[in-house]
1. For the condition crowded, with 17+ Cβ neighbours inside 10 Å, of a type in the set (A, V, I, L, M) and either out of contact with any His (no Cβ under 8 Å at 6 or more places or on another chain) or not in a helix (DSSP H, G or I) (or both), what is the one hit in Ala53, Ala48?
2. Can you give me the number of residues within the range 2-25 that are under 23 Å from Pro45 (Cα atoms) and out of contact with any Ser or Thr (no Cβ under 7 Å at 6 or more places or on another chain)?
3. Which of the residues that make up the range 36-77 are aliphatic (A, V, I, L, M) and within 17 Å of Gly5 (Cβ to Cβ)?
4. Of the conditions (1) touching a helix residue (DSSP H, G or I) at 6+ places or on another chain (Cβ under 7 Å); (2) touching a residue at least 60 places away in the same chain (Cβ under 8 Å); (3) not aromatic (Phe, Trp, Tyr), Ala60 clears all except one; give me its number.
5. List every residue pair whose Cβ atoms lie under 9 Å apart, where the two residues are 6 or more positions apart in sequence or sit on different chains, the first residue falls within the range 75-100 and is at positive phi and outside any helix (DSSP H, G or I), and the second residue, located anywhere, is at pLDDT 95 or above and β-branched (Val, Ile, Thr).
6. Return yes or no: is Ala141 under 28 Å from Pro296 (Cβ atoms), over 16 Å from the mean Cα position of the chain (by Cα), touching a residue at least 60 places away in the same chain (Cβ under 8 Å) and assigned by TED's automatic domain parsing to the domain that holds Asn273?
7. Of the numbered conditions (1) more than 23 Å from Pro171 (Cβ to Cβ); (2) under 18 Å from the mean Cα position of the chain (by Cα), Ser244 fails exactly one; give the number of that condition.
8. Return the total of residues in the range 215-259 being within 21 Å of Gln362 (Cα to Cα) and among the hydrophobic types (A, V, I, L, M, F, W, C).
Amino acid sequence: MTQIGIGICGGGYMGKAHAVAMASVGAVFNTALRPRLEMVCASRPESAERYRAAYGFQRATADWHALVSDPKVEAIVIATPQETHREIAEAAFALGKPVLCEKPLGASIEDGAAMATAAERAGVANMVGFNYVRTPATQFARQLIANGDIGDVTWFRGEHTEDFYADPQAPATWRTDGMANGTMGDLAPHMVNCALALMGPIAKVMGEVETVHRDRPGGTVTNDDHAQLMCRFESGAMGHMYFSRIATGRKMGYVYEITGTKGAIRFDQEDQNAIWLYRMDDPEATRGFVKILTGPAHPDYEPFCQGPGHGTGYQDQIIIEARDFLRAIETGEAVWPTFRDGHEVNRVIAAGLASDQAKSWQDINSF
């Protein structure tokens, strides 16, 4: 086992999740590289020190430049606002340091392209934090599709729906300002990434983007509340995706339905330890969707628990992500999703936004 010094930029919601994951991943997966929480960075010195004490870092700083350049920081996690991603990542790559960056990759398609190029030029491990696709259930779904268990896939429906802005009287915050913080910038990338993981590349999209509550207490909303995309995959399959932060009653509506010529799959993140599978070759009398509870037979479940149906949770997804990042550093082999994969998500989002403006289908290769 070899220690590796981890520096995390950002100590808030996701910064904490990554700190906990890095502190736990060695014990869960017996990784060859064992993270050492070396330094955490926050926007203010007092915040940085608070995060250091709470999460167990060796040191704290309010200057991300100091974190990136420190020789004891050997790998970097970026968990700061999107507009800061590019500068931090490019500085880290210039020093040959691996980077795990929270989604989405940068604040624009230009940021994503530049970050992917910088990562490839540096030749070091790089990964984007799309954690939901790493649940044992969704990893199992990927296996079923890849193995042909449901035949040729003909249709995909996905959504990422939440209700944290369903109340029109909820006050304006940073989340209601700027397209990077809207639904297409915040929620949509997760489901687009899921679609790419399960279905392969998207060829073209037709999008609609809408702001439902334009005025909130404290300010005017400058980004979108919900959006939908029709899409055609390169495989020829049809698809539809819907994203919303005003979906009343939905808390973690990361949902997909996949139809194939031999069967179908359903999944809902609010019940993340189960997947529903339909097989056409089952006896007619008992043919129907079967609920499969995840357990040790499914990907990345057993390291957390040996009991089927006991379940994994949100934090476990981040621990799996940390394992994959460390493995990429150790082996020198790329682990999906790389920065280039993250940029592919950005291209789909950009095409969807352009489609809304042009009121026409948009070819992904144009972005």
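1. Checking each option against the conditions leaves just Ala48.
2. 15
3. Leu37, Met39, Val40, Ala48, Ala60, Ala66, Leu67, Val68, Val73, Ala75, Ile76, Val77
4. Unmet condition: (2).
5. These pairs meet every condition: Gly96/Val124.
6. yes
7. Just one mismatch for Ser244, condition (1).
8. 9
The values are calculated or read from the model by the stated rules, or taken from the named source; none is laboratory data. It should be emphasised that the depicted structure is a prediction, and the values quoted were computed from it without experimental measurement. Cβ atoms come from the backbone with ideal geometry, glycine included; neighbour counts cover every protein chain shown.
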